[in-house]
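Here's the structure, in structure tokens; my notes come after.
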Amino acid sequence: MALRGLPKFREVLSLLAAIALLELLLGRIYTRVAIFLPLSGFASAVAEALSFAGFFLYNLTALLLAAAYGLLIWELWQKTQAHGARAMLLGPGALLALAVATGVSTSAYLTLAIAFVFLGMLAMLTVRTAVDHRAHTPSWLVAGFLATFLAGGYYTLGIIYAQLAGTTPPRNVVDAYDVGEAAAVAVAIIAFAGVLVPVWAANRSRSPASPLLPLCVGATLAALFSAIFLANPGVTSALARWALGFDLLYPWPLYAFGLFAAAATVLSGLRGPLPRRIGLGLLFCFVAGFELKLALQYLEAALGLLLLFSPAVGALLEE
């Protein structure tokens, strides 16, 4: 049964992608940068207004995520007849319900439950991708995301458990964080070298100029990151940790190239030649960050993984 006047999942998704990216820039990056800026007078008023805009964008992102998940579940329910397939919607539904519950409770047990549901969805998507040949997702890209979020999830669970028990996290929890950070950078590079470059090579004769804009945008962002890092490594590391969860443990050129690769791949998915689901999926995973702390980040990461690895969800963008 269709509901007249109800927006489509793909329509909400386009708006959500733009707002989520703005929320990252203003809500998680700019508000941290403003701490280090000695502002006064008009500049201080502008900074305060931008900080408020970041707070507004955070709440708007949360509302749009809730709407996107609701529409996603509704549209897949309408198109799926088998009870087994409909049971797969329990993961997104449970994640959304728990995320909404965090709005009225700050219990660590809720965060623990969200982390377990997210890891369960990750395992489910990994298994389905391995056995479903319609996914057309390279196995090494799946392995990269699996390593990233498993390591990050183990770290998150270890920290929460230590807080609840009143103890210090064991060393292997910290080591898992380091492994996950390396895997997160590798995923961006793998997506660029293993997914985007072969597509560019195949389409070279038909659209020779298509790589220019993504390459230029990626190179600009990488150069900007490099300049900021070389000017003040300490502040850059703090901002990276607050915004996306990266400690910048490894040589900075790896992160610069990872940023270049991520930007070029996402932009190529949004404007071609890659499928749009890949561009949006990678965008939501990258915006969520590596260290998932907030319910909003879990929703963004899970939505990105669904777009990347679920053929049924990807098909909703093509209707």
Among S237, A67, V313, whose Cα projects farthest towards the positive end of the dipole of the chain, with charges put on the beta-carbon of Lys, Arg (+1) and Asp, Glu (-1)?
V313
Going fewest to most other Cβ atoms within 10 Å around each Cβ, L212, L119 line up as L212, L119
Cα gyration tensor category, rounded, prolate or oblate, for region 197-319 with a/c compared to 1.5
oblate
Mind checking which of P251, P92, P170 has the largest fluctuation in a GNM of the chain, springs on alpha carbons under 10 Å?
P251
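Quick one: order F246, F145 by neighbouring beta-carbon count within 10 Å, fewest to most.
Working: F246 21, F145 27.
Placing the least packed residue first, the sequence is F246, F145.
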If you wrap a convex hull around the C-alpha atoms of the chain and split its volume per residue, what is the figure in Å³?
164 Å³
Estimated 222 nm signal from helices in the chain, with DSSP H stretches of n ≥ 4 weighted -39500 (n - 2.57), rounded to 500:
-24500 deg cm²/dmol
In order over region 293-309: 3J(HN,Hα) from phi, Karplus 6.51/-1.76/1.60, θ = phi - 60°, whole Hz, x for each Gly or Pro, gives 10, 9, 4, 4, 5, 4, 5, 5, 5, 5, 5, x, 5, 5, 5, 6, 10
Roughly how many debye, to the nearest 20, is the charge dipole of the chain about its Cα centre, given +1 on each Lys and Arg Cβ, -1 on each Asp and Glu Cβ, and no other charges?
640 debye
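Each value in this text was obtained by applying a stated rule to the coordinates, not by laboratory testing. Predicted, not measured: the structure shown is a model, and the values here were computed from it. Positions of Cβ are backbone-derived with ideal geometry, glycine not excepted, and every protein chain shown enters the neighbour counts.
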